[in-house]
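> Pasting a structure here, questions to come.
The values are calculated or read from the model by the stated rules, or taken from the named source; none is laboratory data. Just so we're clear, the structure is a prediction, and the values are computed from it rather than from any experiment. All Cβ positions, even for glycine, are placed from backbone atoms using ideal geometry, and neighbour counts span all protein chains on display.
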């Protein structure tokens, strides 16, 4: 356990935060590249997933893609694409986006699909257009699953980026790779702690966002595990429903 | 593709496939066995459920390479010991399977359980004769997800020096030799497909009453997991 103390001391050693490629630099690099990849993945997968969930078409293909993606070893994909494109940021971003799309896609279509059909029919009967149904009914009700998908996506990207350090990328994984190469177990452990803390913090922030952003009606429904979650909301008067949607 | 290299290295490829099998089969089996009592406890008590599922969620959040470095420190093993990889993969397997097992036991029809008690089954009899067999389809969906991701995550062990198929990926990079990476990739996918086939066949054989109905796909479980992660 003493090794953990040494690792913490290593992390809080001011010289490791000073000039040059320091912890803050690697942390920012890790966060920046992760954020970019998550954004690209969301931009591709969210509209696609919402379309699949809304129309019910292409579901089989989406399941197939996410099952294959789960089986693909990230290390192998990274090494093949880096050998193809050469060392640099591009192959890493391509791999991360490929791996980040399936969880986001799954979250998006599962979220839209989980919306009670009766609620959607009711919205249609009220005269809402398809776009209004998507924007005002399906997406707000799907938010818990949508953000769940975003959490899975962000974790996948942060973890895979740590592996990318083995292929000449900076980021927080660099301490693991250097620690292993130099048999410096304190640095190795410090790197593992830094990556773990980053993943837990990002996940915690998104979990908090999940709670804040979710419409109150959905949050109420979720606490009742026995009944269908959306029904409580659909039977309320329209004015009340809109008031709850902030 | 350099077929000559493949031809002259069949021994190495076969050896690493065997190592990969030896490192991934125990975590899948142990994960299943451990998750059944844990999942049952979680399905029985709200307190146990929230503790087990949140611990599982936190463990699952730890990136694989970090876990591979943390495990030897906690267990006091040498960093090159292959048991580290087995332990890390088992942690992931249990973290995923506990939720799946809890869902499996919670989804059992209550009237069936009441009937079992009514005709005089003891608690243990009811568990082994009624609850466990009925939970198989959902447990199977969970363990299929676990087996596929275990086979793929195991390759990360190459970075901490644990030899298996993942070593082909790092070797390919250091030697600038794509053939090795492709051999590794194809082997990993074949192992994942083989495990999946074995599991789904076993599941079918164990649930003869369920054969005509469609078995729940792993995806159904995934949607669930994302929901309450």
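> Name the residues in the stretch B:155-170 that are part of a helix (DSSP H, G or I) and more than 8 Å from chain A (Cβ to nearest Cβ), would you?
Residues satisfying the conditions are B:157, B:167.
> Report every pair of residues separated by at least 6 positions or lying on different chains whose Cβ atoms are under 7 Å apart, first residue within the stretch B:194-208 and free of Cβ contacts under 8 Å to residues at least 60 places away in the same chain, second part of a helix (DSSP H, G or I).
B:196/B:144; B:196/B:147; B:196/B:148; B:199/B:140; B:199/B:143; B:199/B:144; B:199/B:147
> If you don't mind, there's one more thing I want to ask. Just a yes or no: is a residue in the stretch B:69-80 over 19 Å from the mean Cα position of the chain (by Cα), without any contact (Cβ under 8 Å) to a residue 60 or more places away in the chain and away from chain A (no Cβ under 14 Å)?
The answer is no; no qualifying residue exists.
> Further, regarding this structure: Go through A:64, A:150, A:83 for me and flag whichever is surrounded by fewer than 19 Cβ atoms within 10 Å (Cβ to Cβ), assigned to a helix (DSSP H, G or I) and within 11 Å of chain B (Cβ to nearest Cβ).
It is A:64.
> Only one of (1) within 18 Å of the chain's Cα centre (by Cα); (2) surrounded by fewer than 22 Cβ atoms within 10 Å (Cβ to Cβ); (3) more than 10 Å from every other protein chain (Cβ to nearest Cβ) is not met by residue B:115, so which one is it?
(1)
> Is it the case that residue A:47 is within 18 Å of residue A:146 (Cβ to Cβ) and free of Cβ contacts under 8 Å to residues at least 12 places away in the same chain?
Spelling it out, residue A:47 is indeed within 18 Å of residue A:146 (Cβ to Cβ) and free of Cβ contacts under 8 Å to residues at least 12 places away in the same chain.
> I've got another one for you. Applying the selection to the stretch B:171-181, what residues are within 28 Å of the chain's Cα centre (by Cα) and more than 7 Å from chain A (Cβ to nearest Cβ)?
Hits for the stretch B:171-181 are B:171, B:180.
> Restricting to the stretch A:153-180, name every residue that is assigned to a loop (DSSP other than H, G, I, E, B) and at the interface with chain B (Cβ under 7 Å from one of its Cβ atoms).
Within the stretch A:153-180, A:173 is the sole residue that qualifies.
> Are any of the residues in the stretch A:158-165 surrounded by fewer than 23 Cβ atoms within 10 Å (Cβ to Cβ) and either within 27 Å of residue B:56 (Cα to Cα) or modelled with pLDDT of 90 or more (or both)?
no
Residues checked against (1) at pLDDT below 90; (2) within 11 Å of chain A (Cβ to nearest Cβ); (3) assigned to a helix (DSSP H, G or I):
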site	(1), (2), (3)
B:52	no, no, yes
B:57	yes, yes, yes
B:67	no, yes, yes
B:87	no, no, yes
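> Still on this structure, please answer the following. Does residue A:101 fit the bill of being out of contact with any strand residue (DSSP E or B) (no Cβ under 6 Å at 6 or more places or on another chain), touching a residue at least 40 places away in the same chain (Cβ under 8 Å) and under 24 Å from residue A:216 (Cβ atoms)?
When the stated conditions are applied, residue A:101 does not pass them.
> Tally the residues that are over 21 Å from residue A:146 (Cα atoms), out of contact with any helix residue (DSSP H, G or I) (no Cβ under 7 Å at 6 or more places or on another chain) and at the interface with chain B (Cβ under 10 Å from one of its Cβ atoms), restricting the search to the stretch A:181-212.
Number of matching residues: 2.
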